[in-house]
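Chemist: Structure below; questions to follow.
The values are calculated or read from the model by the stated rules, or taken from the named source; none is laboratory data. Because the structure is a prediction, the values reported are computed rather than measured. FYI the Cβ positions are ideal-geometry reconstructions off the backbone, even for glycines, and counts take in every protein chain you see.
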Amino acid sequence: MTRKSLTALQKNIKDKRGGFRRESHPDTATSYNNLAGLYYSLGDYEKALPLYQKALKIHKEVLGEGHPSTAASYNNLSVFYFNTGELKRAKEYMQKAIDIWEKVLPANHPDLVDSKEGLEMIELMLMMEEAGVDMEDLKKLFG
């Protein structure tokens, strides 16, 4: 993504906060999530994390704990924590996403299936970490 994309997303959030929509609106949460994803892809994790957290907060407040968009926010944070090496947090957030999706999605829905596979991967990596396996060596081995 380019600086132009970043500027457009930042403007989109400002418009939603100061224009027709309030800070606590699902579209604002989506904009925060998209901006977080952009920062994450640029390697700016310090800017990405609070935006993912804002998106989750808005989804929980506006849509409720059991809404699929809230589950998606938990999932996004889980992926963030997984990719930054915080496996225990990744597991916690992935489990929350799964708990919601199991109530609102069919068992074969791709979001639910992918999240369950992701949770299995996280749990495997936690077991390997606890067994003393050098995770850096594994990363080098599997790229």
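Chemist: Report, by residue number, each residue of segment 38-68 that is more than 11 Å from the chain's Cα centre (by Cα) and within 22 Å of V104 (Cα to Cα).
Modeler: K57, I58, H59, K60, E61, V62, L63, G64, E65, G66, H67, P68
To keep it simple, each residue is scored yes or no on (1) in contact with a Leu (Cβ under 6 Å, 6 or more places away or on another chain); (2) at pLDDT 95 or above; (3) among the basic types (K, R).
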position	(1), (2), (3)
S78	no, yes, no
G85	no, no, no
Q95	no, yes, no
V104	no, yes, no
N108	no, yes, no
G118	no, yes, no
M125	yes, no, no
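Chemist: Let me ask something else about it. In segment 116-128, is there at least one residue being in contact (Cβ under 8 Å) with a residue 12 or more places away in the chain and touching a His at 6+ places or on another chain (Cβ under 6 Å)?
Modeler: no
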